[in-house]
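All of the numbers you see were taken from the coordinates with simple rules; none came from a lab. Because the structure is a prediction, the values reported are computed rather than measured. So basically every Cβ, Gly included, is an ideal-geometry build from the backbone, and we count neighbours across all protein chains shown.
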Amino acid sequence: MALPFYVEPTDPPSKQELLKAALKLFARDGVRESSIRAVAAEAGFTNPVLFKYFEGKEALAVHLFERCYLRLVREAMAAIGSAGSFRERLGRLISRVLTLLDESPEAVLFVNEELRRYWPQVSPATRKHSLIAMTRAFFDEGGVTKSVDRSLLVAGFWGILGQFARLHAFGEWHGKAVAAAPQLELLIWNMLKP
């Protein structure tokens, strides 16, 4: 079975299991409600194994957040940086985010839910890759409507995708998330263009 993207093949097997268990619990219950003991037990270990790799639950959460966020950034950069019109690249961006949601709904939800909490704690190298700044620059390049503040459009874009991720996670959207890409693209396109 392939490893989830937030687990590196070079991670020791016990660390791999801890990362998978932690993301599952963090996305389902929240970081505050997930104890170190619960994470270790979910992975099939005792607490000391977790401390072998991380100083504590917060360090584990920041590590997972950073790995998940950077994957989202790589997907966005690949879509935005590809050839094609603004509309085509917008469609690819939406499809890539939804494909990632299908691959790991927990990772997308975790980033969406915990961005405010963990963004200030990620490494300076990661902070250079702001999805907000990247999206704003993309919208500027695409010449989206000038009648609405760019920051509001960026918030609307990521807000729509974040709310859709919640619908998907809570079973309100049946089937693959990527199947909603054409409808979401149309919705977002109408928001961006007058």
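Taking Cα atoms, how many degrees apart are the long axis of helix 131-142 and the longest axis of the chain, rounded to 10 and kept between 0 and 90? Here the helix axis deviates by roughly 20 degrees. Taking trypsin sites (Lys or Arg not before Pro) that fall in a DSSP loop and have at most 16 other Cβ atoms within 10 Å as cut points, what is the longest piece of the chain between them? Longest run free of exposed loop sites: 33-127.
The mean sequence separation of alpha-carbon pairs under 8 Å and at least six residues apart, normalised by the residue count of region 97-194, gives a relative contact order of 45 percent.
Spatially close Lys pairs in the chain, defined by Cα atoms under 24 Å apart and a spacing of eight or more places or different chains, total 10. Residue farthest toward the positive end of the dipole of region 1-153, with Cβ of Lys/Arg at +1 and Asp/Glu at -1: which of GLY44, PHE65, SER147? The listed residue farthest towards the positive side: SER147. For the chain, modelled as a GNM whose springs connect Cα atoms under 10 angstrom apart, the maximal fluctuation among GLU58, GLU75, GLU66 occurs at GLU58. Relative to the longest principal axis of the Cα atoms of the chain, helix 13-29 runs at roughly 60 degrees.
When the chain is described by a simple charge dipole with +1 on each Lys and Arg Cβ and -1 on each Asp and Glu Cβ, the residue from ALA169, ALA107, GLY159 located farthest towards its positive end is GLY159. Only the Cβ atoms of Lys and Arg (+1) and of Asp and Glu (-1) were treated as charged; on that basis the dipole of region 66-192 about its Cα centre amounts to roughly 320 debye.
On the basis of the beta-carbon distance and an R0 of 22 Å, SER130 and ALA59 show a calculated FRET efficiency of 0.50.
With a cut-off of 18 Å on the backbone N, the residues of region 110-135 near the modelled label site 7 Å out from ASP149 along Cα-Cβ are 132-135. Here the chain was treated as a single set of alpha-carbon atoms; its pair distances binned every 5 Å from 0 give 1, 7, 15, 19, 18, 15, 11, 7, 4, 2, 1, 0 percent.
The mean sequence separation of alpha-carbon pairs under 8 Å and at least six residues apart, normalised by the residue count of region 10-54, gives a relative contact order of 40 percent.
When only Cα pairs below 8 angstrom with a gap of at least 6 residues are kept, the chain shows a relative contact order of 21 percent.
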